[in-house]
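The values are calculated or read from the model by the stated rules, or taken from the named source; none is laboratory data. Here the structure is a predicted model, which means the values were calculated and not measured. When we count neighbours, we look across all protein chains shown, and the Cβ atoms used for this are built from the backbone with ideal geometry, even at glycine.
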Amino acid sequence: MHVCRECGTTSPRWSGRCSGCGEWNTLDEERAGRTPRLPTSTTTSLRDVASTTATMRSTGVGELDRVLGGGFIPGSTTLLFGEPGVGKSTLALMSLRTLAESATPVLLIAAEESVAQVAQRARRLGDVPGGLDVAASTNVDAAEHLLRELRPALCVVDSVSAMSDDAVGSVAGSVSQVRHVAERLCSVAKETGVALMLVGHVTKDGELAGPRALEHLVDTVIRIEGDRHGSLRLIRALKHRFGPTGEVGLLEMVPDGLREMPDATVLRGPELDVPGVVFTVTNDGSRSFLIEMQALVATGSGSPRRVAHQVSSQRLALLLAVLESRCDIDTSDLDVFAATAGGLPANEPGVDVALALAVASAVLNFAVPRTLAAMGEVGLAGELRAVTGLTRRVREAQRLGATLCVVPSDGELDTVSGVEVVRCHTLAEAIDAAQGVGRGLL
């Protein structure tokens, strides 16, 4: 039979287009085996099952522990994926090194590199501890044998797309190979109590490569994000069976590996009082980040350009329309550039007010003081709408030096000492307040 590598749809014969997802040239040939007999099974009353608490073990990387809710669970399988060169293998090797230094048995199965290449990369991170074992193999039978024999506390397979099963009649990396390899490794991990980390690849669209069933098969799915031209790396849990998702970890790529960043204040640039710069605070998981929103307008020739970097281009277009219709600030003949400084993305609606103030500041040519922070969502009627976690945002802004915060009038906000709060109903009021502060009128 033939299996689609994108959606897993099967077909008795090959065709150019998959009938399930409509993609072209995605059917791979796979040998169909005999249908096994259905095994007998018994049921258990859920009420009679004794309650147990899973024991977590630290990964050795604090930011990774934050995302996992404390560490990994013995017998669990974690899938780590991201763009090429973003630092997947480096992050996994950092965890293995730290655990090996504490005499914890660990294992790295390198399916894409030789042992010499892995050793060279490990030495860039520092001294290599003695308990870090590595095996260069692409065969899942060999990997299964090592897991049963060595029983390490953590085993990293880099990568699952390069592993293959000789019993499956397709090439390595195909949907059937990735599915069978992952099923076997996850089963062995549960039997032996080994915490397993699988490193995965991405497609040209940035999505996880392989069958969709791979994400359902594993216990945790972690994505590492970052611009290959920048140093900032973000770790996010997209799925986590043992804790909440949405937490974010922060790392910085340095010459000797990845460095943890428990506080993102190091991303702040030089202090310049120029138009078009406004600070805001975003909430991501349990953390709050101070974001420097920047905007620049310029007279261009031809059709005006709208360039957004690390901010939503749709939100920028919406805010430009609101500024023109509700605040009499016309940018129809101007090129508008918007970005965040430091590399942190700002795509949530809570940064609308800061982005709109940055554009208005650039058009009206007034500088907003760096001690002012703005937060809130902007509606199509020009009204300011409340955002979640407003008190936490204001406290983080105050901790990082803000003395004045522009917030929506209907937002629930506790008293924060050392910060003057300006409540505004509309975006026009927020622009007037920022303009007054910038020119010393307030």
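The table that follows gives values for the structure above.
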| quantity | calculated |
| --- | --- |
| Test: SER312 is farther than 30 Å from SER89 by Cβ, among the hydroxyl-bearing types (Ser, Thr, Tyr), in the same structural domain as ARG370 (by TED's automatic domain parsing) and out of contact with any strand residue (DSSP E or B) (no Cβ under 9 Å at 6 or more places or on another chain) | no |
| Test: residue in the stretch 324-342 that is closer than 27 Å to LEU68 by Cα and surrounded by 23 or more Cβ atoms within 10 Å (Cβ to Cβ) | no |
| Identity of the residue in the stretch 178-196, aliphatic (A, V, I, L, M) and closer than 23 Å to GLU30 by Cβ, that ends up modelled with the lowest pLDDT | VAL178 |
| So GLU412, is it in contact with a Leu (Cβ under 6 Å, 6 or more places away or on another chain) and surrounded by fewer than 17 Cβ atoms within 10 Å (Cβ to Cβ) | no |
| Residue check, GLU225 touching a residue at least 60 places away in the same chain (Cβ under 8 Å) and touching a helix residue (DSSP H, G or I) at 6+ places or on another chain (Cβ under 6 Å) | no |
| Matching residues, the stretch 77-92, being in a helix (DSSP H, G or I) and under 24 Å from LEU217 (Cβ atoms) | LYS88, SER89, LEU91, ALA92 |
| Some residue of the stretch 347-360 being assigned to a strand (DSSP E or B), in the same structural domain as VAL307 (by TED's automatic domain parsing) and farther than 18 Å from SER288 by Cα | no |
| Matching residues in the stretch 204-216 - criterion: being aliphatic (A, V, I, L, M) and surrounded by fewer than 22 Cβ atoms within 10 Å (Cβ to Cβ) | LEU208, ALA209, ALA213 |
| Filter result (closer than 22 Å to GLN294 by Cβ, crowded, with 18+ Cβ neighbours inside 10 Å and free of Cβ contacts under 8 Å to residues at least 60 places away in the same chain) within the stretch 399-409 | LEU404, CYS405, VAL406, VAL407 |
| Within the stretch 99-131, tally of residues that are of a type outside the set (A, V, I, L, M) and closer than 18 Å to ARG151 by Cα | 6 |
| Subset tally (residues that are polar (S, T, N, Q) and within 12 Å of VAL218 (Cα to Cα)) for the stretch 172-203 | 1 |
| Residue in the stretch 426-433 that is out of contact with any Cys (no Cβ under 6 Å at 6 or more places or on another chain), on the phi > 0 side of the Ramachandran plot and crowded, with 18+ Cβ neighbours inside 10 Å present | no |
| From LEU68, LEU93, LEU99, residue being under 21 Å from LEU251 (Cα atoms), among the hydrophobic types (A, V, I, L, M, F, W, C) and within 18 Å of the chain's Cα centre (by Cα) | LEU68 |
| Flag if HIS201 is touching a Phe, Trp or Tyr at 6+ places or on another chain (Cβ under 9 Å) and surrounded by fewer than 20 Cβ atoms within 10 Å (Cβ to Cβ) | yes |
| Residue list for the stretch 363-399, restricted to those being in a loop (DSSP other than H, G, I, E, B) and either in contact with a Lys or Arg (Cβ under 8 Å, 6 or more places away or on another chain) or among the β-branched types (Val, Ile, Thr) (or both) | PHE366, VAL368, THR371, MET375, GLY376, GLY379, ALA381, GLY382, VAL387, THR388 |
| In the stretch 298-314, the residues that are surrounded by fewer than 20 Cβ atoms within 10 Å (Cβ to Cβ) and not in a loop (DSSP other than H, G, I, E, B) | ALA298, THR299, ARG306, VAL307, ALA308, HIS309, SER313, GLN314 |
| Test result for PHE279, closer than 17 Å to CYS405 by Cα, touching an Asp or Glu at 6+ places or on another chain (Cβ under 7 Å) and not in a helix (DSSP H, G or I) | yes |
| Any chance VAL157 is modelled with pLDDT of 90 or more, among the hydrophobic types (A, V, I, L, M, F, W, C) and in contact with an Asp or Glu (Cβ under 7 Å, 6 or more places away or on another chain) | no |
| Residue within the stretch 174-183 that is buried (at least 19 other Cβ atoms within 10 Å of the Cβ) and closer than 18 Å to GLY71 by Cβ present | no |
| Test: residue in the stretch 25-40 that is modelled with pLDDT under 95, outside any loop (DSSP other than H, G, I, E, B) and crowded, with 22+ Cβ neighbours inside 10 Å | yes |
